[in-house]
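What follows is one structure encoded as C-alpha cells, with my remarks underneath.
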Amino acid sequence: MKDERFEFTATERKQALTLYAELKDKIASYLGDDDEEKIRQHLTYAIEHGQVERDVFGLNPIITSLQTALLVVDEIGLRRDAVIAIMLYPSVMNGTMALDAAADMYGQNVARILHGLLRIQELYKKNPVIESENFRNLLLSFAEDMRVILIMIADRVNLMRQIRDADNASAKHQVSEEAAYLYAPLAHKLGLYKLKSELEDLSLKYLEPKAYYHIKEKLNATKTARDAYIKRFIGPVEQKLTEAGLNFHMKGRTKSIHSIWQKMKKQKCTFEGVYDLFAIRIIIDCPREKEKMTCWQTFALITDMYTSNPKRMRDWLSVPKSNGYESLHITVLGPEEKWVEVQIRTERMDEIAERGVAAHWRYKGVKAESGMDDWLNNIRSMLENSTGMEAMDQFKMDLYDDEIYVFTPKGDLLKFPKGATVLDMAYHIHSKVGSACTGARINGKVMTFRQQLRSGDQVEIMTSTTQRPKQEWLNIVKTSRAKSKIRLALKETQQKEALMVKEMLERKFKNRKIELEESVIMRTMKKLGYKEASDFYRDLAEGTLDYASVIDKYVELQQGEKAVTGDNISRSAEEFVLDNSQISNLNPQISDDVLIIDQNLKGVDYQLARCCNPIYGDKVFGFVTISGGIKIHRCDCPNAPEMRRRFGYRIVKAQWSGKGSSQYQITLRVIGNDDLGIVNNLTSIISKDEKLVLRSINIDSNDGLFRGNLVIMINDNTRLESLIKKLRTVKGVKQVERI
C-alpha cells in the first residue's frame, strides 16, 4: 500500500504546474542558461522518487516551496538565488542533496543561503524560548545571509495562509505563536509592513478566533460608512490646504484587526470605544529649510477647522525621536463628533519613516539597537533597487559582531559581550553558581570555565561544592557584573577564612593552656607588622605566617605586661640572693643552681603557671619571664617542648621543698556513659575526703556520653593519683585524666 505522506496527487500536480509556470515567467530573465532545466529535473526526480514527505499539517513540500518562492518574488523582491534555494531546501533537509552539490550546480550564493537555513533549523532543535528579543537577534546574527531571514518570514506567511483548515490544533497553535512573537517582529524590523500585519492578523485569527471574527465583522459592517466619513473629513481639508498654496497629497489607512484588538485590550473598551480606527496622513512637498514652518502652518489650518485634543498631540518636529523619526501627530474632533488622528510630515520625513528601521511602527515602543538603522536602510534600498541585488550576494551580517547569544539547557537565551567566558555566564545565572563553577558542557563537550562563548552555544554550567573563587578569576571574566560578584565573593570568602583561622588560633592557644586576650592579640598583630586584622588572618590561612611564631610573640608580650609573684609583691628575680645554707638544710642533695619551691620562699617573684597548674609533687621547672619573674611549669606541660627549644637559656631547674600543706587547683576530665546517678557517684567520692575541695563541675551530655570537667583543690600529686584511681572505679566511667 502506498504511503500517502509521499504521494503526489493529480490535483497537486496540476497546482504545481500552474505555480511553476507563474514563477518561471517572473524570474526567467534572472536565471542562468540551464538553471530552469536543472530545477525542473530536480523537482521531477523528487516527485517520482517519493521525496515529498508531507509536514505535520499534511502539506506537500514542493507546493509550499513554489508558493513561498512566488511570495518572496512578489512581496519582497528576491530573485534567482533565493528562489533556487527555496526550491532545493526540502531535498537538502531530508538529506537527498548535499550542500556541495548545490554549490557546484547553482553557485556559492545559493549554498550560503541553504547553509543559513540549516543553521537556523539547528537552533530550533535546542528548544529555544522564542518569545524573546534575544532569540530574534540571534536569528539575525546566525543567518549569515540576510535573504535567509527574508525567506523564513515569507515561508511563515505562506504557512499561515495554508493552515486555515488544518486539523492538528497543537501544531497550528505553535506556529501561530511563533508568527506573533518571532516572525512578525522580524518583518517589523525589516520594514515589511504588509507581511507583518498579515502575520499578526492570521496569528490572532488562529489563537483567538472569537476576537478576530468579532472585529472583522465590525469592520466589514462599518466599511462603507467609514470610507464615506473619510471623504467627508478630507474634502474640506484638501480645499483649505490648496487655498493656502501648499503642495501635498493625502492618504488614509485603517488599523489592522490585530492593532484594534491590542487597543481594545489596552484601553479595556469595546470595538465602538476605539475611536481612532483610521488615520489621515498629510505629506507635504517643500524645501528642507521650510519644513517645520510648513508643518505648523498645516497644523494651524486643520485645528482652525476641527477642535484638537491636546492630550493626544505628539510633537516629534521640535525634538525628533532617537531613531530619527519626525512627524506631527494630532487628534481632532471631526464631523459627527468622531475623533480622527492626523499625521503631518514632509516627503523627506516620510521617506525616513518608511526607509528607517520601520520607524512608523517602532515609535510605538520598539526600540532601535546600535547600527540597526543604517543597516536595515541599506537592505531596503537593495531590495527595492533591482541593480542592488548583486550587492546582496556579498552582504555579510556584521550587526552583532560585539554581542553573542547562548542557550541555557532549558532553551533560554542569554546575551553577553564578545569574548565572554563560561565564568561570565555562571555569575550571570547566580552568584553561588559562579563561585562554585568548575567548567561547562558546551554543545555536549566538557570545557573549562575559561572557555570563550560563541553565538548559538548551548551551555550547561558545572559546579562543585569544594570550588572557591580566586583572585585570578577577575582576569578571566569579561562582564562588569561578573567582576563585581567575584570581588564580593572574595571578600566573603576572606571573612569566612578569617573566622576559621581565628578559631584555629584559639584552639592552639587552648592546647598550650594559654589564656587568649583580645588586647594582647591586637598588640601581637602590630608587633608582627600588620595594620589590618584581615591581612594577619589571610597570611595565617595561606601559611606565610606560622602559628607558633604568633603564639611565641603573644606569650612574650603577655608575660612582659603581667607581674607574676608568689607573695603578691612585684620584685625582680635579679634582686633575689639564694641562701645556700638554707637550701642545703632543706635538701642537701640539691645543687646551688636549683630553685627550691617552698611555701616560705621569700624575695622571688614566682607564680604557678596556669597552662599546666603544677601541684606539690609534680616534676617542675622554672621559666624566667621578660619582667624578670619566674613561672613554675610542670615538666610535662604542653608548652614545655617549645620553651626548651626557643628559650632554653631562660629555663632554671626547680624542685619542691617541704610538705604539700598548701592546696593547689587542678582540673580533671571525666568521660563515661551517661548513666543515671553517675554524677552523684563522682561527687560522693570527692566529698568523702576531707582534704579535697570540689570548686566547680561542668557537665555536657550528648549521644549517650557524659563529659565533665571537675575543678578540685588538692594538696599534692600523691593524693591526686589516689583520687583518679577511685574515680575510675565508678561504674560507667571510661576515662579520667588531668588537664
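The values are calculated or read from the model by the stated rules, or taken from the named source; none is laboratory data. Computed from a predicted structure; not experimentally measured. All Cβ positions, even for glycine, are placed from backbone atoms using ideal geometry, and neighbour counts span all protein chains on display. With ligands, DNA and RNA removed, areas are computed over all heavy atoms of the protein, side chains included. Shrake-Rupley method; radii C 1.70, N 1.55, O 1.52, S 1.80 Å.
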What number of residues within region 234-254 are surrounded by 14 or more Cβ atoms within 10 Å (Cβ to Cβ) and at positive phi? 0
Can you pull out every residue in region 629-680 that is open to solvent by 30 Å² or more (accessible area, probe 1.4 Å), among the polar types (S, T, N, Q) and under 30 Å from Lys553 (Cβ atoms)? Gln665
Region 394-491: strands (runs of 3 or more DSSP E) wholly inside it with 2 or more residues that are open to solvent by less than 80 Å² (accessible area, probe 1.4 Å) and small (Gly, Ala, Ser) are 437-442
With modelled with pLDDT of 90 or more, over 24 Å from Arg164 (Cβ atoms) and not polar (S, T, N, Q) as the only criterion, which of Ala21, Ala46 stands out? Ala21
Candidate set from region 107-119 (those that are under 17 Å from Asp34 (Cα atoms) and in contact with a helix residue (DSSP H, G or I) (Cβ under 8 Å, 6 or more places away or on another chain)); member that is least open to solvent (accessible area, probe 1.4 Å): Val110
Here is a list of conditions, (1) of a type in the set (Ser, Thr, Tyr); (2) open to solvent by 40 Å² or more (accessible area, probe 1.4 Å); (3) more than 30 Å from Lys418 (Cα to Cα); (4) within 41 Å of the chain's Cα centre (by Cα), and Thr44 meets all of them except one; can you say which number that is? (4)
Please indicate, with yes or no, whether at least one residue in region 312-333 is assigned to a helix (DSSP H, G or I), surrounded by fewer than 16 Cβ atoms within 10 Å (Cβ to Cβ) and free of Cβ contacts under 8 Å to residues at least 24 places away in the same chain. no
Do we have Ser687 as over 60 Å from the mean Cα position of the chain (by Cα), under 22 Å from Trp656 (Cα atoms), in a helix (DSSP H, G or I) and of a type outside the set (A, V, I, L, M) here? no
Would you confirm whether any residue within region 259-267 is open to solvent by 30 Å² or more (accessible area, probe 1.4 Å), modelled with pLDDT of 90 or more and closer than 23 Å to Thr346 by Cα? no
Taking Ala111 as the residue in question, decide whether it is over 28 Å from Asn168 (Cβ atoms) and under 42 Å from the mean Cα position of the chain (by Cα). yes
Look through Ala179, Ala187, Ala171 and report the one residue that is touching a helix residue (DSSP H, G or I) at 6+ places or on another chain (Cβ under 9 Å), at pLDDT 85 or above and of a type outside the set (Ser, Thr, Tyr). Ala179
Set Thr448, Thr421, Thr465: member being within 30 Å of Gln494 (Cα to Cα) and in contact (Cβ under 8 Å) with a residue 40 or more places away in the chain: Thr421
Residue among Glu506, Glu515 that alone is in a loop (DSSP other than H, G, I, E, B) and more than 29 Å from Gly439 (Cα to Cα): Glu515
Only one of these conditions is not met by Gln297: (1) surrounded by 16 or more Cβ atoms within 10 Å (Cβ to Cβ); (2) more than 21 Å from Asn247 (Cβ to Cβ). Which number is it? (2)
I'm checking my understanding of the structure. Among residues of region 453-474 that are of a type in the set (Asp, Glu) and modelled with pLDDT of 90 or more, which one is nearest to Pro417 (Cα to Cα)? Glu460
Is it true that Thr625 is among the polar types (S, T, N, Q), within 17 Å of Glu737 (Cα to Cα) and open to solvent by less than 40 Å² (accessible area, probe 1.4 Å)? no
Go through the residues of region 641-655 one by one and say whether even a single one is of a type in the set (Gly, Ala, Ser) and at pLDDT 80 or above. yes
Among Ser701, Ser662, Ser696, which is within 18 Å of Arg610 (Cα to Cα), assigned to a strand (DSSP E or B) and among the small types (Gly, Ala, Ser)? Ser696
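This table checks each residue for (1) aliphatic (A, V, I, L, M); (2) surrounded by 14 or more Cβ atoms within 10 Å (Cβ to Cβ).
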position: Ala21; (1), (2): yes, no
position: Gly50; (1), (2): no, no
position: Ile63; (1), (2): yes, yes
position: Tyr89; (1), (2): no, yes
position: Met105; (1), (2): yes, yes
With criteria (1) in a strand (DSSP E or B); (2) open to solvent by less than 50 Å² (accessible area, probe 1.4 Å); (3) closer than 29 Å to Trp656 by Cβ, Ile724 comes up short on (1)
Among the residues of region 529-543 satisfying the criterion of being touching an Asp or Glu at 6+ places or on another chain (Cβ under 9 Å) and touching a residue at least 24 places away in the same chain (Cβ under 8 Å), which is surrounded by the most Cβ atoms within 10 Å (Cβ to Cβ)? Tyr537
Tally the residues that are open to solvent by 10 Å² or more (accessible area, probe 1.4 Å) and small (Gly, Ala, Ser), restricting the search to region 67-84. 1
